[in-house]
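The structure appears right after this line, and notes come after that.
The values are calculated or read from the model by the stated rules, or taken from the named source; none is laboratory data. Keep in mind that this is a model prediction, so the values were computed, not measured. Here the Cβ positions follow ideal geometry from the backbone for every residue, glycine too, while neighbour counts run over all protein chains shown.
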Amino acid sequence: MKKLIFAAASVAALVAMSATLHSCGKASASGSADYAAFVDPMIGTGGHGHTFPGAIVPHGMIQPSPDTRIDGWDACSGYYYADSLINGFSHTHVSGTGCADYGDLLIMPTVGNQVIDAQTDTIQNLPYASSFSHDNEVAEPGYYSVMLDRYGIKAEMTASKRVALHRFTFPKTDKPGMIVDMDYSIQRQTNLDMAIEVVNDTTLRAWKLTEYWAFDQQAYFTMQFSRPFTHTMVTDTITDSKGRPYARCKALLSFQPMEEGEQLFVKVAYSAVDYDGAANNLASDMPGYDFDATRAEARRQWNDYLASIEVPAEADHDDLVKFYTALYHTGVSPFLFSDADGRYLGMDLKVKQGDPSNPVYTVFSLWDTFRALHPLMSIINPDLNNDFINSLLLKGQEGGVLPKWELAANYTGTMIGYHAVSLMADAIAKGQADFPVDEALRQAIRVAEYDTAGIICPPKVLPHLMPMAKYYKNTLGYIPSDKENESVAKALEYAYNDWCIARIAEAAGDTATMAKYDRFGKAYQKYFDPGTRFMRGVMSDGSWRTPFSPNSSNHRNDDYCEGTAWQWSWFVPQDVPGLMELMGGKEQFAQKLDSLFTASSELTGELVSADITGLIGQYAHGNEPSHHIIHLYNYAGQPWKAQELVDKVFEEQYRVDPDGLSGNEDCGQMSAWLVMNAMGIYQVCPGDPVYSVGRPMFEKMTVNLPGGKRLAIKADNFSKGNKYIASLTLNGKPVTTPFLNHADLMEGGELIFTMSDKPTQWGVK
């Protein structure tokens with residue numbers, strides 16, 4: 001299998017590269033372009049985007065980043081733009097999630113006496129936190145810096161694949177120091193065990209076992225300092241503000257006095273395996289302390305990643321920032337999980353010896369990312385996408401069943417569906433499958449059947465990972481809403497997932513299994529109520545659940561999942577013609593779509609889901625169930641409406657602002673939607689290698705495809721106001737329907753749109 005490998009350059013070459021990088025589209029002396037100049041990692045750090053601004057390389061194992069808050073929904077990534085205090089810099093973070101974890105090994109440089117005992121009763125800030133100003137803060141791909149006002153210290157950080165490198169510039173001080181805090185975690189996770197050990201006067205190692213979103217998360221660290229230190233260990237237990245015992249595990253380090261401008265460098269290496277893994281990762285990735293060279297290499301890796309899609313620098317600046325920030329966010333998750341020697345922690349929580357050339361990944365937010373992130377990878381990096389799929393198959397073998405939301409070798413049980421099958425079906429449909437199809441089918445059937453045996457997870461996770469809903473859908477043919485929570489959403493996603501299994505079975509030549517799961521793929525029909533024309537909960541006696549309101553939401557405790565009947569009634573990507581027939585045909589289907597976008601945005605219910613955001617009528621762009629809906633207008637024979645609404649989302653739901661995302665980033669899905677649609681396409685049904693046409697975001701862009709092929713996407717008569725398609729050609733041949741085949745696009749060439757300021761009849765069947 002061809003792997004994504006970033007070649008290490010010499011220090012001299014990296015420094016030279018750093019000096020020659022220019023703005024996007026301006027070639028450097030090395031022949032590269034600085035697309036990273038258009039990335040703003042602060043986008044999504046406000047509102048409910050839940051991103052972090054720290055330093056990371058594409059899909060890197062370690063994520064050093066500032067943490068500003070501890071508790072609450074907007075603490076999920078540790079950083080929130082509206083905050084004014086920094087608690088320190090931890091080394092593991094999730095991007096854009098709706099749940100929190102990580103925040104392992106917090107460090108904070110200090111000047112003067114080190115204060116670790118709480119001075120105020122606050123849930124958000126530690127006693128040694130420092131004020132800061134965004135005016136003195138810089139966030140770039142692979143680099144972050146901030147001035148810590150309390151201490152007068154400039155903090156900078158960058159990273160390689162497995163190692164974080166910090167550079168702290170001190171004022172003149174007799175008491176320079178560092179607090180290494182292992183008991184800290186985002187949202188005050190349960191620390192089951194932890195330790196800090198002094199190896200010598202420049203080296204520490206630390207370990208932690210926590211129970212939270214990941215119920216058994218192990219983190220090992222090796223730290224090396226460029227200056228020798230003396231230390232004091234704090235390993236006591238105190239009582240928190242609520243009267244609960246709280247174990248502390250901190251190292252208070254002191255260094256020799258420093259003059260103004262003297263620097264301290266700190267390397268932090270991570271492993272989920274053991275101390276030796278962390279130490280080996282450090283030695284392999286970063287033998288020295290060359291901060292500028294490491295920063296330049298991180299930026300080079302990001303520019304390599306971002307160069308998969310080239311947009312000329314002459315395009316609208318804000319659009320360039322929105323686009324390249326979105327593309328950047330698609331390169332954050334999943335994370336590398338295997339060590340430099342190939343070892344990794346398996347789903348059975350045992351150490352495995354893997355092949356270093358076949359890395360294992362973690363953080364699979366599949367309920368989100370099957371929709372656009374993985375389809376995007378199938379275009380710009382199918383080899384990496386296969387690495388992701390092979391990681392999932394490996395985890396399924398080790399843990400007993402395919403994951404649906406895996407984190408740090410843990411089944412979290414989060415969300416619904418079993419969307420690993422979507423990734424596999426899509427790779428097969430696109431002729432990209434670099435994995436054993438028979439094994440994929442075996443595991444796909446296993447995850448679709450109700451079977452709790454042999455799954456390695458805590459008892460409290462098992463009902464969420466393997467819900468009774470699977471038993472009901474396989475035996476009764478539907479999921480009774482009085483027996484199972486989120487019954488409609490589960491049923492609709494299962495129907496799509498089962499259709500995907502039928503496609504895997506078809507590739508494997510198993511016609512009986514294909515027929516069975518194709519039948520299961522029609523199960524959505526049971527939930528459509530012709531009286532209300534919505535998907536509704538069905539009771540054990542066959543009656544509709546009452547009372548019913550399509551505007552009602554009771555978060556994670558009704559018939560839907562993070563949505564309402566308005567959003568969920570459209571989730572039949574595998575059979576849009578069938579859904580159209582249920583709704584009365586093409587015309588009535590289009591009318592129903594119209595009502596979705598024009599209905600009142602009012603939401604009612606006992607506990608309205610905070611995830612239902614980015615509303616246009618009742619279309620909720622801020623959460624994933626809505627992401628395909630705009631493109632259903634192409635199936636309804638009204639493609640100009642899809643073009644118009646894609647344009648509206650471009651302008652209203654993505655902004656150059658910390659609060660620039662209309663919902664959680666969700667590990668790259670929110671951004672992948674923008675990237676795909678910026679190309680003028682979107683895949684409604686992963687597993688069916690067809691893209692629906694919207695409108696391009698730029699006058700010109702070039703997609704660099706595998707094998708050295710290039711797809712130039714051009715828009716004639718392009719302007720902000722010209723949002724409608726008058727005509728479309730692919731390699732000189734007219735395209736008369738609003739759909740494009742994956743295979744045709746992957747051949748490269750030219751995709752040329754001709755735009756209009758008024759709706760046209762292009763693509764109308």
>> Please go through the range 340-371 and give me each residue that is under 29 Å from MET670 (Cα atoms) and among the acidic types (Asp, Glu), ordered by number.
In response: ASP368
> Looking at ALA29, ALA19, which is the one that is in the same structural domain as SER130 (by TED's automatic domain parsing), outside any loop (DSSP other than H, G, I, E, B) and modelled with pLDDT under 95?
Replying inline: ALA19
>> What's the number of the only condition in (1) touching a Cys at 6+ places or on another chain (Cβ under 8 Å); (2) without any contact (Cβ under 8 Å) to a residue 60 or more places away in the chain that SER338 fails to meet?
In response: (1)
> Which members of the range 320-371 meet the condition of being among the acidic types (Asp, Glu) and within 21 Å of the chain's Cα centre (by Cα)?
Replying inline: ASP368
> So which of ILE179, ILE238 is more than 30 Å from LEU349 (Cβ to Cβ), out of contact with any helix residue (DSSP H, G or I) (no Cβ under 8 Å at 6 or more places or on another chain) and at pLDDT 95 or above?
Replying inline: ILE179
> Quick one: how many residues across the range 130-165 are of a type in the set (D, E, K, R), more than 20 Å from LEU264 (Cβ to Cβ) and surrounded by 18 or more Cβ atoms within 10 Å (Cβ to Cβ)?
Replying inline: 3
> Could we say that LEU441 is out of contact with any Leu (no Cβ under 8 Å at 6 or more places or on another chain), at pLDDT 95 or above and in the same structural domain as PRO334 (by TED's automatic domain parsing) here?
Replying inline: yes
> of a type outside the set (Asp, Glu) and closer than 26 Å to THR239 by Cα, is that true of SER95?
Replying inline: no
>> Can you pull out every residue in the range 166-190 that is within 26 Å of ALA36 (Cβ to Cβ) and either within 27 Å of the chain's Cα centre (by Cα) or surrounded by fewer than 20 Cβ atoms within 10 Å (Cβ to Cβ) (or both)?
In response: HIS166, THR169
>> Please count how many residues of the range 435-482 are of a type outside the set (Ser, Thr, Tyr), more than 23 Å from LEU392 (Cα to Cα) and part of a helix (DSSP H, G or I).
In response: 2
> Is it fair to say GLU644 is out of contact with any helix residue (DSSP H, G or I) (no Cβ under 6 Å at 6 or more places or on another chain) and in the same structural domain as TRP367 (by TED's automatic domain parsing)?
Replying inline: yes
> Looking at SER308, SER284, which one is in contact (Cβ under 8 Å) with a residue 24 or more places away in the chain and under 24 Å from THR51 (Cα atoms)?
Replying inline: SER308
> Just for the range 180-209: of the residues that are part of a strand (DSSP E or B) and of a type in the set (Ser, Thr, Tyr), which one is nearest to TYR275 (Cα to Cα)?
Replying inline: THR203
> Counting only residues that are over 18 Å from ALA129 (Cβ atoms) and in contact with a helix residue (DSSP H, G or I) (Cβ under 9 Å, 6 or more places away or on another chain), which one in the range 79-96 is surrounded by the fewest Cβ atoms within 10 Å (Cβ to Cβ)?
Replying inline: SER95
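Enumerate the strands (runs of 3 or more DSSP E) found wholly within the range 685-754, keeping only those where 3 or more residues are assigned by TED's automatic domain parsing to the domain that holds ASN385 and surrounded by 17 or more Cβ atoms within 10 Å (Cβ to Cβ).
The strands (runs of 3 or more DSSP E) meeting that bar are 690-693, 700-704, 710-716, 724-730.
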